[in-house]
1. Would you tally the residues in the stretch 273-316 being closer than 18 Å to residue 221 by Cβ, assigned to a loop (DSSP other than H, G, I, E, B) and either without any contact (Cβ under 8 Å) to a residue 12 or more places away in the chain or not aliphatic (A, V, I, L, M) (or both)?
2. Could you say whether any residue in the stretch 126-146 is in contact (Cβ under 8 Å) with a residue 24 or more places away in the chain and closer than 22 Å to residue 298 by Cα?
3. Within the stretch 197-232, work out how many residues are in contact with a helix residue (DSSP H, G or I) (Cβ under 7 Å, 6 or more places away or on another chain), part of a loop (DSSP other than H, G, I, E, B) and not small (Gly, Ala, Ser).
4. Does residue 262 count as part of a loop (DSSP other than H, G, I, E, B), over 18 Å from the mean Cα position of the chain (by Cα) and surrounded by fewer than 16 Cβ atoms within 10 Å (Cβ to Cβ)?
5. Within the stretch 12-27, can one find any residue that is hydroxyl-bearing (Ser, Thr, Tyr), buried (at least 22 other Cβ atoms within 10 Å of the Cβ) and out of contact with any Leu (no Cβ under 7 Å at 6 or more places or on another chain)?
6. Across the stretch 261-293, what is the number of residues that are touching a Leu at 6+ places or on another chain (Cβ under 8 Å) and closer than 15 Å to residue 178 by Cβ?
7. Scan 186, 228, 224, 178 and give me the residue that is under 18 Å from the mean Cα position of the chain (by Cα) and either surrounded by 16 or more Cβ atoms within 10 Å (Cβ to Cβ) or not acidic (Asp, Glu) (or both).
8. Among residues belonging to the stretch 37-62 that are in a loop (DSSP other than H, G, I, E, B) and closer than 17 Å to residue 91 by Cβ, point out the one that is nearest to the chain's Cα centre (by Cα).
Amino acid sequence: MNPVCKLLKINYPIIQGGMGNISNAQLATAVSEAGGLGTIGCGTMSPDEVEKIIVDTKRNTDKPFAVNIAINVTPYLDELIQLVIKHKVPVITLSAGNPAPYIPLLHEHNKTVIAVIASVKHAEKAEQAGADMLVAEGFEAAGINSGLELTTFTLIPQIAKHVGIPVLAAGGIGDGNGLAAALMLGASGVQIGTRFIATKEAPFHNDYKKRLVEAEDTATVVIGRPVGRVRRILKNPYAAKLLSLEKEGLTLDQYGRLTSETQHVLGALKGDMENGFINSGQVAGLISHIPTVKELLDHMVKEAQEQLSKSADLLN
């Protein structure tokens, strides 16, 4: 049995990436109900806001789901740790910081801990700290990035070679071919984010979904390099404004205000492309339609199986 499916008690080795302040129970529920692992991203939301989403998710599904806590992003770290313990959330993903101080407490309460990393060094440290599983995220991924600019294709085999726990590949994956490729590179499954935005259950603005469906291969842009805060977003008028300001000498404080979760909500939920940005990975160029989550996952697995079989025939 696939080690990811066995450990997480899910049908497909596919998990949803954390989506920060635009997280919602509707999409997380749909992913878990379809056989994957739905995820609630805490972002900078208050514990009360996160708790409401957790409660709604538990009400809508009895399947496992996860909560993602971005360690160096949330101002409510300790409260969120206690919150997931209180609600007996089975799986916790820890990103954007050192997971080591929090793993023992989470293990005491029978949580499966997934650490999100972007280098071999961080993967080895997370394994030594007791992480049960890793998400290795390549530079193709949406949103806040490590800035190391290692691609998924090169990152996964290196990490799989150096650790003994299951690895999930993230960044640039949105179909069955990507799932098959990740497995061939040494991963045991995948984490996807952008592709879940363009699904029927995802309660995001139609303009967001429309732009993803219409996106070409060069539709994303990286911002934040001059201030050391790298993020990949979809091109829109607000993204063009940010790039222009970077050329003029944008400060870190200014960048922080202009790329806050408020601006993300404006773009993703309100459809305000003049005053808000929308996260997107490079996989946007592969998105051509808006299926249900179940249709997406079923097709991904079938396509991966067909691709793996075809690849085996090519070597004979």
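The values are calculated or read from the model by the stated rules, or taken from the named source; none is laboratory data. Just so we're clear, the structure is a prediction, and the values are computed from it rather than from any experiment. A quick note on method: Cβ atoms are made from the backbone with ideal geometry, for glycine too, and the neighbour counts reach across all protein chains shown.
1. Count: 6.
2. Yes: one or more hits.
3. Residues in the stretch 197-232 being in contact with a helix residue (DSSP H, G or I) (Cβ under 7 Å, 6 or more places away or on another chain), part of a loop (DSSP other than H, G, I, E, B) and not small (Gly, Ala, Ser): 8 in total.
4. no
5. There is at least one residue in the stretch 12-27 that is hydroxyl-bearing (Ser, Thr, Tyr), buried (at least 22 other Cβ atoms within 10 Å of the Cβ) and out of contact with any Leu (no Cβ under 7 Å at 6 or more places or on another chain).
6. Residues of the stretch 261-293 that are touching a Leu at 6+ places or on another chain (Cβ under 8 Å), as a first pass: 272, 275-280, 284, 287, 293.
Narrowing the set further to residues that are closer than 15 Å to residue 178 by Cβ leaves 284, 287.
Adding up the residues that qualify gives 2.
7. 178
8. That would be 42.
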